[in-house]
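Down below is the structure, laid out as structure tokens.
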Amino acid sequence: MKMKIDAGLGQRADILEELRKSCVGTTRTGNNYVFNIGKSVVDFKEMFNEKDVFPADKIFDREEWNKEENYMKIVKEEENVDLSGYKGQYVKSDTFHVVIIAAKSDEETLQKQMAAIPHIEKFRKIEIS
């Protein structure tokens, strides 16, 4: 994401909107919301954390994101439908999960990656060697 900005392939606002829209969809359907950050350090605490667009500090905290007053803040009127298309019936699925995949290059980079993720201490971490 930051690489897209640095490479001139996207503006922060556009990327945040893409993140918001995909979050609304996966929150509704209950799919895993997967971020494959590779070896990059993606700043979900500042750069990709926008209160009314993509509140990563809420999304990455399962307890907070389960609160309707939090997840409904990013749902636009035209998105406020249930899985059958009934208007005004948007509901967050209980099976929604945030998954972050990182390729470990070295311990220092891994620590930087984790430091850039809100509420990382609440995540279950699995290391595959």
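Some notes on this structure:
- Protection proxy ranking for 78-84, 43-49, 88-94, using the average of other Cβ atoms within 10 Å per residue and placing the highest first: 43-49, 88-94, 78-84.
- Anchor Lys87: aspartates and glutamates whose Cα lies under 20 Å away (excluding residues fewer than 8 positions away in-chain): Glu68, Glu69, Glu77, Glu78, Glu79
- A dipole drawn for the range 2-122 from +1 and -1 charges on Cβ atoms has a positive end, and of Tyr71, Met47, Ser84 the residue lying farthest that way is Ser84.
- Taking every alpha-carbon pair under 8 Å whose residues sit at least 6 apart, the chain reaches a relative contact order of 34 percent.
- When Rg and Dmax of the Cα atoms in Å is calculated for this entry, the matching label among (i) 17.3, 53; (ii) 15.2, 48; (iii) 15.0, 46 is (ii).
- Entry for the range 82-129 at q = 0.24, 0.26 Å⁻¹: log10 I(q)/I(0) = -0.95, -1.07, Debye formula applied to identical alpha-carbon scatterers, no solvent contribution.
- Restraint check, Lys21/Lys76; Lys51/Lys73; Lys58/Lys122; Lys21/Lys58; Lys67/Lys125; Lys21/Lys104, Cα-Cα greater than 19 Å: Lys67/Lys125; Lys21/Lys104
- Each Lys and Arg contributes +1 and each Asp and Glu -1, all at the Cβ; summed about the Cα centre of the range 58-129, the dipole is approximately 40 debye.
- Think of each Lys and Arg Cβ as +1 and each Asp and Glu Cβ as -1; about the Cα centre, that makes the dipole of the range 2-122 roughly 180 debye.
Readers should treat all values here as calculations from the given coordinates under stated rules, not as data from a laboratory. Since the structure is predicted, the reported quantities are computational estimates derived from the model, not experimental observations. No Cβ is skipped: glycine too gets one built from the backbone with ideal geometry, and neighbour counts run over all protein chains shown.
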